[in-house]
Amino acid sequence: MRWIFYYLDQSFLLHSRELPVIREMGLIQFRSYVFSDRSLKPKILQGVCDLFAADRGAETSIMADSSLLRSAIELLHNLDVYTSDFEPLFIEQSHGFVSSWAQREASGYLASYVENSHRLVEREVERCGLFSLNRSTKQKLSELLDQTLITDQEAVLLNQTDIIGLMRSRNKVALKLLYGLLERLNTGIKLKTAFSNYIIQDGSDIVFDQGKEGDMVIRLLQFKQELDDMLAASFDRNEELGHTLREAFGHFMNLGRKTASTWGTDNPKTGEMIAKYVDMLLKGGWKMRKPGEEPLADEDAEIDRQLDRVLDLFRFVHGKPVFEAFYKNDLARRLLMGRSSSDDAEKSMLARLRTGL
Amino acid sequence: MVKNLRTGSRLNQESYFDKVWSQLDAALSAIFDGRKPDISLEELYKGAENVCRQGRAAILAQKLQKRCKEHVAQKLRDNLTTRAAGGNDVDTLRAVVEAWSTWHSRLVCLKHLHRTLSGN
């Protein structure tokens, strides 16, 4: 019709407020008489939602149809009914979908739940882009996902037993996903209770393992390393969780228990064991390598490295006098019996102790 | 073609208008059916131009609007509600999207024709 009334358009219609410009007319009429028809409108809108359900894999009786869906969204935009009519309904039905999904998935393993939740969020975001949904829709959907997957399922996400289970099995990937989910709402620090309990439980087990006292320090070093790795790899070096780590580590390192090996006292054993370990290192133990390791290129650097590691552990011990007592004793014996492997190493260690670490 | 339109009598203008409109009306019916109009587009355009010079642009526009509205509100809509009764919501949506596409192409098609005619 446009071409015929080009003349009309230019000379008259553009100046008239009552009569819509012809090219708009067709659009307005379609919206008024077809889209807004009482029997057609609910079907049109539900049809669009059904296609989304099919694309989500939630609706098996309806075939997914990407091109129809794309055309439909374009139509909704053209008719200017997207925000008024489509978006509220879509968000409402999406809420229903995500709710049931979460209920089902949350009853499984925590590791699966966090992994699948991440994937769900990714797919929803992807779908928004694929079908040119408005930014407002993407925003509302994101809020909905946070509410339903995270806030509503907080009890599941913060289940102490499950979290400690993940930590104990060193499942860094699952822990990273869990932290990531919580961080969407800036609540990653809610992991600190579980983190603290885990460290204290497993750390105490090492310290009070009566059969394996000789391995205590090595196991503690290993444990500390694993915790540092976890903090970096899974918790994004979160400052508060780092603080929790140090606090919890310091807590069990200074626990005492009356056992035969503490001669009936409840003094912590850790100071004494570290002193013995340092003694072993300074006698030449630092040279010991695991089978298959390369010979050390720089011996001085190696001694320093190993001493630093032990001292890092030692910082947590409160009863320094106990350590000092053992250390002085062992030092004297090393020097008298000529068992020291390196003068430089001895000096290096003393320097460290003197500066108060 | 009636000459001296501007100075023609009122009766002449009326009957000229009716003639132009009936030509246009028939052309619209053809277009809505997806057919090519019988009358030449050049002649239609000339007729519309003349009617506008006679100061009757508003009436022509109103009639056009009414004609389009009838097509959309009755023929198009009735067709769709019938199809809706026979399928699920996705089927209805598909029919509506197709109807929009067709309706839109009618408008676009005519727009292209105009561009060709006026040598743009």
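Per-structure values
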read-out	value
Helix axis angle, A:87-106 relative to chain A longest principal axis, alpha carbon, degrees	30
Using alpha-carbon coordinates, inclination of helix A:216-233 to the longest axis of chain A, degrees	20
Shielding score for B:96-107, defined as the mean number of other chain Cβ atoms within 10 Å	5
Average partner coverage of B:42-52, which counts Cβ from other chains inside 10 Å	3
C-alpha long axis of helix A:172-183 to longest principal axis of chain A, angle in °	50
FRET efficiency, A:SER107 to A:ALA325 (Cβ-Cβ, R0 51 Å, nearest 0.05)	0.35
Gaussian network model of chain A, Cα within-10 Å springs - most flexible of A:ARG135, A:ARG184, A:ARG170	A:ARG135
Shielding by other protein chains, A:310-321, mean Cβ within 10 Å	0
Helix-only CD estimate at 222 nm, as mean residue ellipticity for chain A, using -39500 (n - 2.57) per DSSP H run (n ≥ 4)	-20500 deg cm²/dmol
At R0 = 22 Å, FRET efficiency that the Cβ-Cβ distance of B:ILE39 and B:ALA85 yields, to 0.05	0.05
Area of A:MET273 that stays accessible when all protein chains are in place (1.4 Å probe, Å², to 10)	20
Reach of A:LYS43 by Cα under 29 Å, taken over lysines that are not fewer than 8 positions away in the same chain	A:LYS138, A:LYS140, B:LYS66, B:LYS69, B:LYS75
Where only alpha carbons of chain A are counted, the Rg and the Dmax (Å)	33.8, 114
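The values are calculated or read from the model by the stated rules, or taken from the named source; none is laboratory data. Because the structure is predicted, anything quoted here is derived from the model rather than measured. Neighbour counts are summed over all protein chains in view; Cβ atoms, including those assigned to glycine, are modelled from backbone coordinates with ideal geometry. We work out accessible area using only protein heavy atoms, side chains counted, and drop any ligands, DNA or RNA first. Shrake-Rupley method; radii C 1.70, N 1.55, O 1.52, S 1.80 Å.
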